[in-house]
1. On the basis of being at pLDDT below 95, open to solvent by less than 70 Å² (accessible area, probe 1.4 Å) and either under 22 Å from Leu138 (Cα atoms) or out of contact with any helix residue (DSSP H, G or I) (no Cβ under 6 Å at 6 or more places or on another chain) (or both), does Val14 make the cut?
2. Quick check on the range 43-80: of everything there that is open to solvent by less than 80 Å² (accessible area, probe 1.4 Å) and outside any strand (DSSP E or B), which residue is nearest to Thr142 (Cα to Cα)?
3. Can you find a residue that is aliphatic (A, V, I, L, M) and modelled with pLDDT under 95 anywhere in the range 41-61?
4. Would you kindly identify the strands (runs of 3 or more DSSP E) lying entirely within the range 86-151 that contain at least 1 residues that are among the small types (Gly, Ala, Ser)?
5. Sort out which residues of the range 104-118 are open to solvent by 60 Å² or more (accessible area, probe 1.4 Å) and touching a strand residue (DSSP E or B) at 6+ places or on another chain (Cβ under 6 Å), and write them in order of number.
6. Specify the residue that is least open to solvent (accessible area, probe 1.4 Å); the eligible residues are those in the range 26-42 that are part of a loop (DSSP other than H, G, I, E, B) and under 22 Å from Ser109 (Cα atoms).
7. Which ones in the range 81-103 are among the small types (Gly, Ala, Ser) and open to solvent by less than 40 Å² (accessible area, probe 1.4 Å)?
Amino acid sequence: MKKLLLLIFAVCSVFTTYAQVKCDAGHIDIGMTFKRAIIVGNDAIIDFTLTNYSRKEIKIDMDKSRCRAYDDEGNCYLEQHFMFDFANTEESGCILPSETTIKLRCYISDIDEYATNFTRIELQYFLNCYGYFTTSQLKKMTVRNVGFVRD
């Protein structure tokens, strides 16, 4: 009986580990956390937080021309489906102060009516680090296994 309970516990822990949303901000000094995803009508609203762990200000400008999302029905959503909002400013770019957390809201339109999750979301952005020299780099945030609810 103990072995059976131990086996059930091990299997459940494996499933919960793999079912969690996995976020990669694409830069070592930026932390990315998934908050929620909801479908309203046919549009997805996905909330994240971004935290700047560096000692410098970082400017992020989303580049929707290179963004993609894939759902569990096999659909691919390209640039014309994406919009962004940083910290309720209705802007697609933002300065992240040092050691500060900012909200990033991603909108994806025309979601398939049978889809239940996004298997992969790729968000491209330009990263500008301020310091002695200002550098600009194209980076990619990757998010996997984003389940959503329908309103």
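1. Working: at pLDDT below 95: yes; open to solvent by less than 70 Å² (accessible area, probe 1.4 Å): no; either under 22 Å from Leu138 (Cα atoms) or out of contact with any helix residue (DSSP H, G or I) (no Cβ under 6 Å at 6 or more places or on another chain) (or both): yes.
No.
2. Filtering the range 43-80 down to residues open to solvent by less than 80 Å² (accessible area, probe 1.4 Å) leaves 43-52, 54, 58-63, 65, 67, 69-72, 74-78.
With the extra rule that they be outside any strand (DSSP E or B), the set shrinks to 54, 63, 65, 67, 72, 74-75, 78.
On the way: Ser54: 20, Asp63: 14, Ser65: 15, Cys67: 10, Asp72: 16, Gly74: 18, Asn75: 17, Leu78: 15 Å.
Residue satisfying both the conditions and the ranking: Cys67.
3. Yes, that holds for at least one residue.
4. On the way: elements: 93-96, 101-108, 117-129, 135-147.
The qualifying strands (runs of 3 or more DSSP E) are 93-96, 135-147.
5. Pass one, the range 104-118, residues open to solvent by 60 Å² or more (accessible area, probe 1.4 Å): 107, 110, 113-114, 116.
Within the range 104-118, Tyr107 is the sole residue that qualifies.
6. Of the residues in the range 26-42, the ones part of a loop (DSSP other than H, G, I, E, B) are 26-29, 41-42.
Now drop any that are not under 22 Å from Ser109 (Cα atoms), which leaves 41-42.
Values: Gly41: 57, Asn42: 82 Å².
Ranking the qualifying residues of the range 26-42, first place goes to Gly41.
7. Kept after step one, since they are among the small types (Gly, Ala, Ser), are these residues of the range 81-103: 87, 92-93, 98.
Result: Gly93, single match.
The values are calculated or read from the model by the stated rules, or taken from the named source; none is laboratory data. Just so you know, these numbers come straight off a predicted model, no measurement behind them. Note that each Cβ is placed from the backbone with ideal geometry, even for glycine, and that neighbours are counted across all protein chains shown. Heads up: the accessible areas ignore ligands, DNA and RNA and are worked out on the full protein's heavy atoms, side chains in. Shrake-Rupley method; radii C 1.70, N 1.55, O 1.52, S 1.80 Å.
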